[in-house]
């Protein structure tokens, strides 16, 4: 039990940290040709990623069609890179987001597909990789971008240092006097995760599924699809590095599926509100 709560703490802490990072950026930039491809929009990868990011709530633009503010300040956006490999049996893809200095801000989970058609296999692998991004509640925070830009200007101005021995009594250069002090945003209080899976969010009332509503696990690459007795696919869950903790994806959204006290739960966000469902899974 203690290990489970430790795993959940890591999942939520990691997700909150990533969410805060992505909230600092106004735009997502999608190349029309990714590294390793010869053709523009090969296997429809560029159009798919632009659609996924736009649907998630990001303002997304192709690399050759940027708005004026992003064109003059590329640090407002994150550039999408696609790390992909194909073989005779499997296609693998991870989504990487880089800042204006080519620093990696985010790397998704690796998606895989065994589809033989390349368009289908890349679509499945990319959508699987995007599930980890889809589980984050993104909302652009302009204040964070402003503070970061101001801090960069101040750091650049400090290259012109104050002389250590100033015989004329001058204390600062004109550049340093005219640079505004960086705005420091108030530090957000970190939420404390209590010894229960649903303790951190006030809106996280647990909804129970019917006793007759049992989901049956069918193995797929990197996880399971959960079907009802129809059989209709109700939920897809993808493996993580932690036992009995999965990334869950369905029409309601993406989130975390985990087991606590012999009960399975699916947690996801709808309009920035946490939803928690009890689910019954038969493996």
* In segment 22-47, which residues are touching a residue at least 24 places away in the same chain (Cβ under 8 Å) and either at positive phi or not in a loop (DSSP other than H, G, I, E, B) (or both)? -> 22, 27, 28, 29, 30, 36, 43, 44, 45
* Top-ranked residue of segment 76-98 - restricted to ones that are in contact (Cβ under 8 Å) with a residue 60 or more places away in the chain and within 15 Å of residue 58 (Cα to Cα), ranked as nearest to the chain's Cα centre (by Cα) -> 97
* To do: Would you tally the residues in segment 68-123 being out of contact with any helix residue (DSSP H, G or I) (no Cβ under 7 Å at 6 or more places or on another chain), within 16 Å of residue 22 (Cβ to Cβ) and surrounded by 20 or more Cβ atoms within 10 Å (Cβ to Cβ)?
  => 2
* Using the structure shown, decide if residue 279 is modelled with pLDDT of 90 or more and under 22 Å from residue 136 (Cβ atoms). => yes
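For the structure I just gave you, tell me whether residue 282 is free of Cβ contacts under 8 Å to residues at least 60 places away in the same chain and either farther than 26 Å from residue 90 by Cβ or buried (at least 20 other Cβ atoms within 10 Å of the Cβ) (or both).
Spelling it out, it is not the case that residue 282 is free of Cβ contacts under 8 Å to residues at least 60 places away in the same chain and either farther than 26 Å from residue 90 by Cβ or buried (at least 20 other Cβ atoms within 10 Å of the Cβ) (or both).
The values are calculated or read from the model by the stated rules, or taken from the named source; none is laboratory data. Since this is a predicted model, take the numbers as computed values, not measurements. FYI the Cβ positions are ideal-geometry reconstructions off the backbone, even for glycines, and counts take in every protein chain you see.
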